[in-house]
1. Do any of Lys123/Lys151; Lys123/Lys217; Lys123/Lys411 go past 26 Å between their Cα atoms, and which?
2. Can you tell me the accessible area per residue over the chain, all protein chains present, probe 1.4 angstrom, in square angstrom?
3. Points 7 angstrom from Cα along the Cβ direction at Ser298 and His37: gap in nanometres?
4. Using a 10 Å cut-off on Cβ atoms, rank the peptides 445-458, 398-411, 107-120 from the highest mean neighbour count down.
5. Could you work out the relative contact order of the chain, using alpha carbon pairs under 8 angstrom and six or more residues apart, expressed as a whole percent?
6. Any chance you could give the angle, 0 to 90 degrees and rounded to 10, that helix 189-204 forms with the longest Cα principal axis of the chain?
7. Ranked from the most accessible area to the least, with a 1.4 Å probe and all protein chains present, what is the order of Glu216, Glu10?
8. Using alpha carbons only, how many degrees (0 to 90, rounded to 10) separate the axis of helix 98-124 from the longest principal axis of the chain?
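The values are calculated or read from the model by the stated rules, or taken from the named source; none is laboratory data. Owing to the predicted nature of the structure, the values given are computational and were not obtained by experimental measurement. Don't worry about glycine lacking a Cβ; one is built from the backbone with ideal geometry, like all the others, and counts go over all protein chains shown. Quick note on the areas: whole protein, heavy atoms, side chains included, nothing else; ligands and nucleic acids left out. Shrake-Rupley method; radii C 1.70, N 1.55, O 1.52, S 1.80 Å.
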Amino acid sequence: MEAVLLPIVETINSYLSNYILIIMLIGAGLFFTVKTHAVQFRCFGEGWRRVFGGFSLRGGKAKSGISSFQALATAVAAQVGTGNIVGACGAILIGGPGAIFWMWIIALLGMATNYAEAVLAQKTRRVDEDGTVHGGPAYYITTAFKGNGGKILAGFFAVAIILALGFMGSMVQSNSIASTMSTAFAIPTWAVGVVIVIVAGVILIGGLSRIASVTEKLVPIMAVLYLLGGLVVLIMNAGNIIPAFQLIFECAFNPQASMGGVTFGIIAALSQGAKRGLFSNEAGMGSTPHAHAMANVSDPHEQGVVAMIGVFVDTIIVVSMTALVVISTLYVGDGALAQAFASAAAGSDPADVAALVGLDKTNMAQAAFSSFFGSGFGNAFVAICLLFFAFSTILSWNLFARLNVEYLFGKKGVIPFFVIALVFIFMGSILSNDLVWELADMFNQLMVIPNVIALIALSGAVSACALAHSKKKDANQD
């Protein structure tokens with residue numbers, strides 16, 4: 001079954017990521033950058049001020065919704081997952097170091113797209129009499145397109161996100177946790193899966209307030225821990241930092257850029273950058289607007305600028321840390337992959353070359369950290385960081401999927417979804433990594449299509465919000 005299904009899914013993904021995804025993500029990012037007068041750069045400082053203004057590790061409970069910081073933490077918990085470690089390594093392995101440059105571009109443009117998503121999620125959200133908040137792409141899709149057309153698009157999105165995040169995506173996260181924990185501590189993958197299911201079940205059954213309470217504590221701690229560890233490696237390996245940056249730019253712009261005859265072309269780098277960029281920061285995918293819709297703010301613009309910071313933290317900070325550690329230790333100088341590529345024949349598949357020295361996307365980061373921390377501590381450090389990253393993503397993704405289950409089936413669909421999601425989480429810990437990743441990629445990419453179409457259709461409301469704030473700011477300065 002797997003042997004038959006895997007090549008089919010890979011073919012679908014190649015068309016989605018090489019053509020549709022690149023056009024839609026870069027196109028939407030450029031479009032909203034122009035429409036909002038580069039809101040991601042104009043309001044970058046404001047976004048950080050609002051993040052730290054609402055920073056808390058113990059936000060109080062509200063009658064409805066959550067705080068702006070809790071919404072950001074829940075969104076970042078979804079964004080910062082295996083894509084920041086395993087996904088970034090996969091992009092580098094297949095697309096070359098240049099893929100990281102395109103992940104940066106996707107993120108910088110995606111900040112404007114994520115602003116649009118958060119603004120529209122706020123503008124179209126609905127609040128019941130009991131204070132329950134409903135919001136997300138399904139609601140702004142039906143606002144953009146009235147009648148059956150809007151319902152069909154919204155239904156397609158809802159089904160895609162349930163499959164992408166609630167089922168396949170959670171499998172990816174648990175698979176990565178189980179794989180790294182097995183490597184670091186020799187724990188059976190099935191045992192890791194059982195523990196994840198139990199702990200996640202206890203938190204998920206508490207709903208939005210419990211998930212937000214956990215993520216607002218977990219996200220800052222896990223980010224600081226990982227960045228500090230990466231910073232230590234870079235300081236110890238300072239001489240290779242500039243060559244690592246040089247290699248990133250060389251492979252991004254020069255289609256003949258090669259290491260020992262193995263060519264990383266622009267198409268491969270751009271494709272991997274777009275695909276892994278989407279999986280990493282999720283701008284344009286339609287997942288994080290569910291969290292931002294729940295934020296209690298006085299103006300949609302306020303949550304829009306906060307949402308942009310989530311994309312920046314995810315890719316420009318966390319992914320860059322992974323990339324610099326991996327490239328500076330494995331691809332530069334006498335690194336294991338630099339030597340392997342130097343002896344490889346021209347045209348060799350990068351993944352095959354890496355396999356010759358026992359490396360793949362799941363253990364590259366551990367190998368990089370281990371080169372300075374030692375195999376024991378290095379493997380353990382990455383495994384623990386990825387545990388936090390991936391587990392927090394499981395929590396947020398299941399919340400987003402559950403909200404769409406409610407949209408389609410009402411509250412009666414929540415319990416069946418909850419049970420099936422936990423089964424998928426366990427299955428992910430023991431199933432083949434390649435098929436799990438390919439299925440997750442496919443459904444993630446399918447989510448983009450209806451989401452971006454609706455964003456473009458409602459772009460007038462987004463630009464009006466961004467420009468109204470700009471005029472208000474100018475008036476106050478006068």
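1. Values: Lys123/Lys151 18 Å; Lys123/Lys217 28 Å; Lys123/Lys411 23 Å.
Result: Lys123/Lys217 exceed 26 Å.
2. Working: 17570 Å² over 478 residues.
Per residue, the chain has an accessible area of 37 Å².
3. Distance between the two pseudo-spin positions: 2.2 nm.
4. Highest-to-lowest ranking by the protection proxy: 107-120, 445-458, 398-411.
5. Working: 857 pairs, mean separation 167.2, N = 478.
Computed over the chain, the figure is 35 percent.
6. On a 0 to 90 degree scale, this one is about 20.
7. Values: Glu216 0, Glu10 80 Å².
So, going from the largest accessible area down, we get Glu10, Glu216.
8. For 98-124 against the chain, the angle is about 10 degrees.
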